[in-house]
């Protein structure tokens, strides 16, 4: 019986293992952590968002620029297929008002348990605390609790993750074993560091609602949180790629009104009110939006209405990469065949976040990992079949 090895027990690796096992390969999965799917489980703590209920090109286009092989992979295994896969593991789903899809149980653990049970039934073997430390000719070397080990499978899928959340196993240290095929990692879906003045302290932990963020030609409406370290949350993550690439970020504190409507409200009689009270009353600014206006807007210009509609967000760039939800960078697609096999290492395939692609939040990352794991696993099966 032909043997398959999967290095990395996250969604991409487990999907590759399932594809190979179903095709009759004797599959072993190894992971450097004490248990499987640690980042997957962490993602499910606030509700496991497995995909987005967009279909066709709209879903793929949400990723932004992608290599052709990645676009084809996502087109072959998108939201419809991910939902069917999860339901096939006995996990009923629901779709939220924004189109995000969740298991009704919300957590990742029931799905992961069911998945590991199915892999066990397919004969997949699992070894934990195995760290891949490079190649020795055609073999793969590992550090394990039993000492150094060498594996020489017929086919290998590497699904080693990105470079964020080191404590969950995604440390990116594997990249040194695949140079020069690796684009350096950068944070994705990250918070912004801000050096706040003392007056912002009472607002730490407060959500900022009813604003829009503008970066370049993109406008994002959503929520984020003011934290001691800066700005975090969905709306910030949505603009993070453009900010990382150097685009300026502004905030509209009153997106419900045009600039002319805002100016019209501001010229109403102020009376004995302070300017702060006047702004709060006529523009209905809550305390946290007022605090941001004071933090980034003073001294106020003559045209304060324009400032309120396009308040510059003063930040110190991304928070550290290890805090980012995901990463950009990884194994370049020009170093891979269309089947995700390393051109300079026949029989070794790559999948998941270790590839050089980037996903927005909202289920896109998990879908991409599942899709590339499936594609790599199927291509590995084809490779073994062609070698007979």
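The values are calculated or read from the model by the stated rules, or taken from the named source; none is laboratory data. Being a predicted model, the structure only gives us computed values, none of them experimental. No Cβ is skipped: glycine too gets one built from the backbone with ideal geometry, and neighbour counts run over all protein chains shown.
A quick yes/no check of all residues on (1) farther than 25 Å from residue 243 by Cα; (2) touching a residue at least 60 places away in the same chain (Cβ under 8 Å); (3) not assigned by TED's automatic domain parsing to the domain that holds residue 68:
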position: 288; (1), (2), (3): no, yes, yes
position: 292; (1), (2), (3): no, yes, yes
position: 297; (1), (2), (3): no, no, yes
position: 303; (1), (2), (3): yes, no, yes
position: 317; (1), (2), (3): no, yes, yes
position: 330; (1), (2), (3): no, yes, no
position: 333; (1), (2), (3): no, yes, no
position: 338; (1), (2), (3): yes, yes, no
position: 341; (1), (2), (3): yes, no, no
Number of positions in the range 166-187 that are closer than 18 Å to residue 30 by Cβ and outside any helix (DSSP H, G or I): 5
Among (1) buried (at least 16 other Cβ atoms within 10 Å of the Cβ); (2) under 22 Å from the mean Cα position of the chain (by Cα); (3) modelled with pLDDT of 95 or more - the single one residue 126 does not satisfy: (2)
Tally, over the range 324-342, of residues that are more than 22 Å from residue 18 (Cβ to Cβ) and out of contact with any helix residue (DSSP H, G or I) (no Cβ under 6 Å at 6 or more places or on another chain): 8
Residues located in the range 218-235, provided they are touching a residue at least 60 places away in the same chain (Cβ under 8 Å) and closer than 19 Å to residue 254 by Cβ: 226, 231
Unique residue being in a loop (DSSP other than H, G, I, E, B) and surrounded by fewer than 20 Cβ atoms within 10 Å (Cβ to Cβ) when the list is 163, 210, 247, 242: 247
The range 115-146: number of residues that are without any contact (Cβ under 8 Å) to a residue 12 or more places away in the chain and either in a loop (DSSP other than H, G, I, E, B) or farther than 21 Å from residue 35 by Cβ (or both): 3
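Just for the range 189-207: of the residues that are assigned to a loop (DSSP other than H, G, I, E, B) and free of Cβ contacts under 8 Å to residues at least 40 places away in the same chain, which one is surrounded by the fewest Cβ atoms within 10 Å (Cβ to Cβ)?
Pass one, the range 189-207, residues assigned to a loop (DSSP other than H, G, I, E, B): 189-191, 194-197, 204-205.
Within this subset, residues satisfying the condition of being free of Cβ contacts under 8 Å to residues at least 40 places away in the same chain are 204-205.
On the way: 204: 13, 205: 10.
Checking each candidate, the answer is 205.
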Residue 347 vs. criteria touching a residue at least 12 places away in the same chain (Cβ under 8 Å) and not assigned by TED's automatic domain parsing to the domain that holds residue 263: yes
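Considering only helices (runs of 4 or more DSSP H) fully contained in the range 3-68, which possess at least 2 residues that are under 28 Å from residue 123 (Cβ atoms) and in contact with a strand residue (DSSP E or B) (Cβ under 6 Å, 6 or more places away or on another chain)? Lay out the reasoning, then the answer.
Details: elements: 11-22, 38-43, 57-61.
In the range 3-68, the matching helices (runs of 4 or more DSSP H) lie at 11-22.
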Which numbered condition residue 34 misses (of (1) surrounded by fewer than 20 Cβ atoms within 10 Å (Cβ to Cβ); (2) modelled with pLDDT of 95 or more; (3) within 17 Å of residue 12 (Cβ to Cβ)): (3)
Number of the condition not met by residue 152 [criteria: (1) under 28 Å from residue 365 (Cβ atoms); (2) modelled with pLDDT of 95 or more]: (1)
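Return the residues of the range 305-316 that are surrounded by fewer than 17 Cβ atoms within 10 Å (Cβ to Cβ) and more than 19 Å from residue 231 (Cβ to Cβ); say none if nothing qualifies. Show your work before the answer.
Residues of the range 305-316 that are surrounded by fewer than 17 Cβ atoms within 10 Å (Cβ to Cβ), as a first pass: 306, 310, 312, 314, 316.
Across the range 305-316, the qualifying residue is only 306.
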Residues located in the range 253-266, provided they are in contact with a helix residue (DSSP H, G or I) (Cβ under 9 Å, 6 or more places away or on another chain) and in a loop (DSSP other than H, G, I, E, B): 253, 254, 255, 257, 258
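Give the range 259-276 a look and list any residue that's surrounded by fewer than 19 Cβ atoms within 10 Å (Cβ to Cβ) and in contact (Cβ under 8 Å) with a residue 12 or more places away in the chain, or say none.
Of the residues in the range 259-276, the ones surrounded by fewer than 19 Cβ atoms within 10 Å (Cβ to Cβ) are 259-261, 263-276.
Listed by number, the residues that qualify are 259, 263, 265, 266, 268, 275, 276.
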Flag for residue 352 being on the phi > 0 side of the Ramachandran plot, surrounded by 17 or more Cβ atoms within 10 Å (Cβ to Cβ) and touching a residue at least 40 places away in the same chain (Cβ under 8 Å): yes
